[in-house]
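S.K.: Can you keep this structure in mind? I'll have questions shortly.
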Amino acid sequence: MPKKRVTLNALTTTAVELADTDGFDALALTGVAEKLGVAASTLYTHADGVDGLKYLVAVAATRNLTETVRNAAIGASGPDALTAMGFAYREFALDHPGQFASTLLPAKLEGDELATAKLTLLGVFVLVYQAIGHSEHEARLAARATCSAIHGFLALEHTNTPSSDHDADYRFLLNALQHGLLHTHAASQT
């Protein structure tokens with residue numbers, strides 16, 4: 001009987017689903033293989049062990065997060081776009097805990113798939129800051145500050161139980177980021 005083949009897309013989709021339901025740390029080749037109805041050894045065609053599997057999830061999750069954040073900005077501009085993007089970022093983290101946890105995985109090499117996916121996410125924020133009037137350099141700095149603050153908050157929230165206090169804290173963070181970064185830009189223009 002011939003071996004059943006598994007596509008990279010099927011492997012990644014299944015691994016992403018399992019990361020969200022069972023947790024990113026619990027992700028294992030055997031669980032994915034079982035879900036796909038194949039032997040774990042079949043997955044080595046696309047993933048170099050559990051680390052390779054987690055890397056695939058991190059790339060897919062970062063792309064999914066980017067799409068979510070980008071879609072949130074559609075139809076909004078300036079501070080409203082930044083607020084919408086910030087709330088979409090948090091909603092993604094809360095609705096997809098396994099995927100969010102995977103986004104904490106560092107890239108293997110500069111310019112690899114994960115590094116590129118992370119730069120694409122950053123680029124969405126850069127574009128919004130440029131549309132507000134920041135220079136490319138200022139927009140990149142503002143985007144890095146925004147992403148770092150949001151991601152850091154969500155990473156801390158991810159390790160604790162979300163609560164209504166976190167909602168107010170997160171709104172405060174977004175307001176402080178906007179006020180500080182937009183005020184800094186306005187001051188540099190005078």
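Every number in this text was worked out from the coordinates using simple rules, so none of it is lab data. Computed from a predicted model, the values in this text were never measured in an experiment. When we count neighbours, we look across all protein chains shown, and the Cβ atoms used for this are built from the backbone with ideal geometry, even at glycine.
S.K.: Answer rounded, prolate or oblate for the range 76-153, using the Cα gyration tensor with square roots of eigenvalues a ≥ b ≥ c: rounded when a/c is under 1.5, else prolate when a/b is larger than b/c, else oblate.
M.R.: Cα axes put the range 76-153 in the oblate bin.
S.K.: Just to confirm a number: summing +1 for Lys and Arg and -1 for Asp and Glu over residues other than Asp167 whose beta-carbon lies under 14 angstrom from that of Asp167, what do you get?
M.R.: Result for the local shell: -2.
S.K.: Could you work out which residue, out of Asn175, Asn160, Asn71, moves most in a Gaussian network model of the chain, that is, has the largest mean-square fluctuation with Cα springs under 10 Å?
M.R.: Among Asn175, Asn160, Asn71, the largest GNM mean-square fluctuation belongs to Asn160.
S.K.: Rounding to the nearest 20 debye, state how big the charge dipole of the range 33-172 is about its Cα centre with +1 on each Lys and Arg Cβ and -1 on each Asp and Glu Cβ. Mind showing how you got there, number by number?
M.R.: Values: 10 positive and 16 negative charges, 33 e Å.
My answer is approximately 160 debye.
S.K.: Which one of Ala72, Ala101, Ala131 has the biggest mean-square fluctuation once the chain is modelled by GNM with Cα springs under 10 Å?
M.R.: For the chain, modelled as a Gaussian network with Cα springs under 10 Å, the answer is Ala131.
S.K.: Calculated FRET efficiency, Tyr44 and Glu67, Cβ-Cβ r, R0 30 Å, to nearest 0.05?
M.R.: Efficiency computed from Cβ-Cβ geometry: 0.55.
S.K.: Grab the Cα-Cα distance for Ala155 and Asn175, subtract it from 0.36 nm times how many residues apart they are, and report the gain in nm with one decimal.
M.R.: Full extension from Ala155 to Asn175 adds 5.3 nm.
S.K.: Sticking with this structure for a sec: Suppose the chain between Ala10 and Leu119 were pulled fully straight at 0.36 nm per residue; how much longer would it get relative to their current alpha carbon spacing?
M.R.: 36.7 nm
S.K.: I've got another one for you. Quick one: which of 17-24, 44-51 comes out on top by average Cβ neighbours within 10 Å, and what's the full order, highest first? Each step should come with its number before you reach the end.
M.R.: Working: 17-24: 18.0, 44-51: 14.1.
Averaged packing, sorted descending, gives the order 17-24, 44-51.
S.K.: Would you mind counting up the charge near Thr116? Only other residues with Cβ under 12 Å from its Cβ, with Lys and Arg at +1 and Asp and Glu at -1.
M.R.: Combined, the nearby Lys, Arg, Asp and Glu give 0.
S.K.: Gaussian network model of the chain, Cα springs within a sub-10 Å range: biggest mean-square fluctuation belongs to which of Arg171, Arg140, Arg90?
M.R.: Comparing Arg171, Arg140, Arg90 in a Gaussian network model of the chain, the most mobile one is Arg171.
S.K.: Follow-up question, since we're still on this one. Between Phe125, Phe153, Val59, whose Cα lies farthest towards the positive end of the dipole of the range 21-165 when Lys and Arg beta carbons carry +1 and Asp and Glu beta carbons carry -1, centred on the Cα centre?
M.R.: Selected residue: Phe125.
S.K.: What does the charge count near Gly98 come to, summing +1 for each Lys or Arg and -1 for each Asp or Glu among other residues with Cβ under 12 Å from its Cβ?
M.R.: Charge balance near Gly98 sits at -4.
S.K.: Something else: Between (i) 74, 36, 28; (ii) 52, 30, 25; (iii) 54, 37, 28, which entry matches Cα extents along the principal axes in Å as derived from the coordinates of this structure?
M.R.: (i)
S.K.: Work out which helices of the chain, taken as complete DSSP H runs, extend at least 27 Å along their axis over the Cα atoms and score a mean Kyte-Doolittle of -1.0 or more, then list them.
M.R.: Those that pass (Cα extent of 27 Å or more, hydropathy at least -1.0) are 49-73, 113-132, 136-158, 164-189.
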